[in-house]
Amino acid sequence: MLQTVPAFDRIGEENAFAVLARATELAHQGRDIINLGIGQPDFRTPEHIVEAAVKALRDGHHGYTPATGILAAREAVVRRTLATTGVEVSPDNVMILPGGKPTMYAAIIMFGEPGAEILYPDPGFPIYRSMIEFTGARPVPVPIREENGFAFSAQETLSLITPKTRLLILNSPANPTGGVTPRGEIEKLLKGLAVHPHVGILSDEIYDVMTYDEAKATSLLTYPEIRDRLIVLNGWSKTWAMTGWRLGWSIWPDGLYDKVRKLAVNCWSCVNAPAQHAGIAAIDGPQDDVAKMMRAFDARRRIVVEGLNGLEGVTCLTPKGAFYAFPNIRDSQWKAKALASALLEEAGVALIGGPDFGVLGEGYVRLSYANSEENILRAIDRIGEFLAAR
Ligand code: PLP
């Protein structure tokens, strides 16, 4: 028997992929499955972006690019960052990576080791905890509470910092809750962080423009006092419906940039060139398709929230960002993962049990409303019938 290092026995998963696989299998067996499980927009990548990639291939962009990304792509990220945050970053701090996840990986392995502590949101994106465990650092969950509108609490976050804390991971707008943390709360957090200069910050802002009503995402880039210890994760996957292109960016402080560049050289060399050209077109081209997608998400969000709140034993806060609803199912008497599994197998609705996002996810399920209004309504009917029959 081959023996691998213990880190590989600690590495976790993203159960959304397992649910997607099972939903696909059931569909192939002829079952009518409505998929509200996976976190990817159900829209095609806008045509002008696809065309830019095709053109890049035809123009001969077939080779390696710099490990940090082609300068034109990094400059496009600079323009986009200025437009969304009002902050002018240098292209020399911008890194182009194959998706949002590699930034998570890079930042977490840079700070995680046995004896270190890393704070991460719970419920939150499952890869944070998985990668922290992989490094041998102690994962310290920061509770994300429904009574707080699924925003993180500055006071609670600060209370968990110790001399061993090396990295604090923040995510707003958030997966899986759709929570958006208000600016005032972020300012409180930053005030408190001033006395903890040993703590690095990874701000996952991949849903930055996906907000509704009056909610607005606050980029941590707007606080110059933390720029020397801030890593901002972002990318093309969600905003431009490009999950399969594997294209992301992040902004790094001077002191860390060369480390992530070297990691890229060692792990993936660079991001494929045509995808980077597509990324430039996404940023610089018309944003009508993004606006259209957001209008569709907003309409579906209302349908989901109204539908779920009409079900016995279910209550659902109105999400302020991303494209997820995170209803509370405690009064249904079901355990969340058992409910998710029964809904898939018996009612043909794929969604994700809250505990797949952390222990505080018990009592909740996540629905991704990246599906048509018609399918969302059918899914809610099926969930309602299922709960009523039990
Ligand atoms: N961060 C959050 C909060 C996410 O929800 C996701 C994807 O679901 C990612 C990062 C990863 O994005 P990518 O598919 O670009 O790696």
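The values are calculated or read from the model by the stated rules, or taken from the named source; none is laboratory data. Note that the structure is a prediction, hence the values are computed from the model and not measured. Here the Cβ positions follow ideal geometry from the backbone for every residue, glycine too, while neighbour counts run over all protein chains shown. Remember, those area values only see protein heavy atoms, side chains included, never the ligands or the DNA or RNA. Shrake-Rupley method; radii C 1.70, N 1.55, O 1.52, S 1.80 Å.
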*Apply 1/(1 + (r/R0)^6) to the Cβ-Cβ distance of Glu88 and Leu190, taking R0 = 22 Å, and write down the FRET efficiency to the nearest 0.05.*
0.65
*Amide H neighbours of Asn171 under 5 Å, at least 5 residues apart or on other chains, H built in the peptide plane: list them.*
Asp204
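Which pairs in the list Lys188/Lys320; Lys238/Lys335; Lys188/Lys337 are over 24 Å apart, alpha-carbon to alpha-carbon?
The answer is Lys238/Lys335; Lys188/Lys337.
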*Identify the residues of the stretch 190-216 with backbone N under 15 Å of a label point that sits 7 angstrom from the Cα of Asn148 along the Cα-to-Cβ direction, or state none.*
190-193
*Could you give me the radius of gyration and the Dmax of the chain, taking only the C-alpha atoms into account and expressing both in angstrom?*
20.7, 60
*Residue (of Ala174, Ala389, Met104) at the positive-pole extreme of the chain, dipole from beta-carbon charges*: Met104
*Quick one: among Met294, Met242, Met210, which has the greatest mean-square fluctuation in a GNM of the chain with alpha-carbon springs under 10 angstrom?*
Met294
*What percent antiparallel are the DSSP beta bridges of the chain, to the nearest 5?*
45
*Taking all pairs of distinct Cα atoms, average 1/r, flip it, and tell me the Kirkwood hydrodynamic radius of the stretch 1-114 in Å to one decimal place.*
18.8
*Per the helix-only calculation at 222 nm, which mean residue ellipticity applies to the chain, given -39500 (n - 2.57) for every DSSP H run of n ≥ 4 and division by its residues, nearest 500 deg cm²/dmol?*
-12500 deg cm²/dmol
*With a probe of 1.4 Å, find how much accessible area the chain has per residue, and write the answer as a whole number in Å².*
43
*Quote to one decimal, in nm, the extra length available between Trp268 and Lys164 on full extension: 0.36 nm per residue of separation minus the C-alpha distance between them.*
34.3 nm
*Stretch Asn375-Phe17 to full length: gain in nm at 0.36 nm per residue minus the Cα-Cα span?*
126.9 nm
*At a 1.4 Å probe radius, carbon and sulfur cover how many percent of the accessible area of the chain?*
54
*Which whole-angstrom value gives the distance between the alpha carbon centres of the stretch 11-87 and the stretch 229-255?*
11
*Between Gln29 and Thr318, what is the spin-label point distance in nm, taking each point 7 Å from the Cα along the Cα→C-beta axis?*
4.0
*May I ask you to order 271-284, 296-309 by the average number of other C-beta atoms within 10 Å around their residues, highest value first?*
271-284, 296-309
*Charged-residue dipole, Cβ positions (Lys, Arg, Asp, Glu), the stretch 63-284 about Cα centre, Debye nearest 20*: 460
_Name the residue from Gly321, Ala379, Leu71 whose Cα lies farthest towards the positive end of the charge dipole of the chain, charges +1 on Cβ of Lys and Arg and -1 on Cβ of Asp and Glu._
Leu71
*the stretch 213-366 - charge dipole about Cα centre, Lys and Arg +1 at Cβ, Asp and Glu -1, debye rounded to 20*: 300
*Output the Kirkwood hydrodynamic radius of the stretch 63-284, Cα pairs only, in Å rounded to one decimal.*
17.5
